[in-house]
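Notes for the one structure printed next.
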Amino acid sequence: GEDVEQSLFLSVREGDSSVINCTYTDSSSTYLYWYKQEPGAGLQLLTYIFSNMDMKQDQRLTVLLNKKDKHLSLRIADTQTGDSAIYFCAGSLYNFNKFYFGSGTKLNVKP
Amino acid sequence: DTGVSQDPRHKITKRGQNVTFRCDPISEHNRLYWYRQTLGQGPEFLTYFQNEAQLEKSRLLSDRFSAERPKGSFSTLEIQRTEQGDSAMYLCASSLGRLAGAGYNEQFFGPGTRLTVL
């Protein structure tokens, strides 16, 4: 079955870059995603990457995909206190019939 | 507010009782998903509907769980004979899903129904 591993916590200072890492087991994942969950709020899609891409940049967010090592990372440049949240890595097959999520990384941004 | 609503937001029940949750997706979305999220974990996929057809079910969905989407619009998730282990947040998500590509299949999540089984 699908398994997604993430480190549990990350603490950074405001203005620094944050890098959140994820490893997954299912090599047939076609799309990989990063979601953000703030306390008391639903999940919000931040960005996604297609499996034939190595990198995707979207404003302060950079996603790197190493398909050989099944490793996905999310870099947040100039991290702000409003970025404090839980970040989930997720994957899906090409038909979007099923999604699987990691257990989340709690990002704490210190002023 | 993503446009996906869930009702109720909180449900407290006694072990052995049946509970039913409702999800109203964004109106033009034809894909609907149910997930369960326990404390400190990510969402676990339960089941998926394309219009009214239930196309995928997780092994997590035991015989006590049943989901419907009778007219391809709202969906219900029923848990029979609840157990304490069913205590969790139940999330619903919907996506447009008419065309290929992740951009057309972005999931919009509802706020969830938090179930507590005493």
Pick out the one residue from B:ASP63, B:ASP1 that is facing chain A (nearest Cβ under 10 Å), out of contact with any strand residue (DSSP E or B) (no Cβ under 7 Å at 6 or more places or on another chain) and open to solvent by 70 Å² or more (accessible area, probe 1.4 Å). B:ASP1
Output the residue which, of all residues in region B:14-53 that are of a type in the set (A, V, I, L, M, F, W, C) and within 21 Å of A:CYS89 (Cα to Cα), is nearest to the other protein chains (Cβ to nearest Cβ). B:PHE45
Top-ranked residue in region A:17-39 [being surrounded by fewer than 13 Cβ atoms within 10 Å (Cβ to Cβ) and among the hydroxyl-bearing types (Ser, Thr, Tyr); ranked as nearest to the chain's Cα centre (by Cα)]: A:SER17
Going through region A:52-78 one residue at a time, which ones are open to solvent by 70 Å² or more (accessible area, probe 1.4 Å), closer than 20 Å to A:SER17 by Cα and in a loop (DSSP other than H, G, I, E, B)? A:ASP54, A:GLN59, A:ARG60, A:ASP78
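Scan region B:70-87 and give yes if some residue there is within 11 Å of chain A (Cβ to nearest Cβ), touching a residue at least 60 places away in the same chain (Cβ under 8 Å) and touching a helix residue (DSSP H, G or I) at 6+ places or on another chain (Cβ under 7 Å), otherwise no.
Applying the first criterion (within 11 Å of chain A (Cβ to nearest Cβ)) to region B:70-87 yields none.
No, because not a single residue in region B:70-87 is within 11 Å of chain A (Cβ to nearest Cβ), touching a residue at least 60 places away in the same chain (Cβ under 8 Å) and touching a helix residue (DSSP H, G or I) at 6+ places or on another chain (Cβ under 7 Å).
Could you run through region B:20-67 and say how many residues are at positive phi and modelled with pLDDT of 90 or more? Quick ask: steps written out before the conclusion?
Looking only at region B:20-67, we keep the residues that are at positive phi, and these are B:40, B:51.
Next cut, modelled with pLDDT of 90 or more only: B:51.
Adding up the residues that qualify gives 1.
Please specify each residue of region B:38-57 satisfying the condition of being open to solvent by less than 20 Å² (accessible area, probe 1.4 Å) and polar (S, T, N, Q).
Pass one, region B:38-57, residues open to solvent by less than 20 Å² (accessible area, probe 1.4 Å): B:42-43, B:45-49.
Scanning region B:38-57 gives a single hit, B:THR47.
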B:GLY112 is checked against (1) on the phi > 0 side of the Ramachandran plot; (2) small (Gly, Ala, Ser); (3) within 12 Å of another protein chain (Cβ to nearest Cβ); (4) open to solvent by 10 Å² or more (accessible area, probe 1.4 Å) and fails just one. What number does that condition carry? (4)
Restricting region A:79-99 to residues that are modelled with pLDDT of 90 or more and either in contact with an Asp or Glu (Cβ under 6 Å, 6 or more places away or on another chain) or not in a strand (DSSP E or B) (or both), which is nearest to the other protein chains (Cβ to nearest Cβ)? A:ALA85
State all residues of region A:40-51 that are open to solvent by less than 30 Å² (accessible area, probe 1.4 Å) and not in a strand (DSSP E or B); if no residue qualifies, say none. A:GLY42, A:SER51
Residue set B:GLU83, B:GLU56, B:GLU68; condition over 30 Å from A:ILE49 (Cα atoms) and within 15 Å of the chain's Cα centre (by Cα); output residue B:GLU68
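The values are calculated or read from the model by the stated rules, or taken from the named source; none is laboratory data. Only a predicted model underlies this, so the values are computations on that prediction, with no experimental measurement involved. Virtual Cβ from ideal backbone geometry, glycine too; neighbours counted across all protein chains shown. Accessible surface is based on the protein model in full, side chains and every heavy atom, while ligands, DNA and RNA are left aside. Shrake-Rupley method; radii C 1.70, N 1.55, O 1.52, S 1.80 Å.
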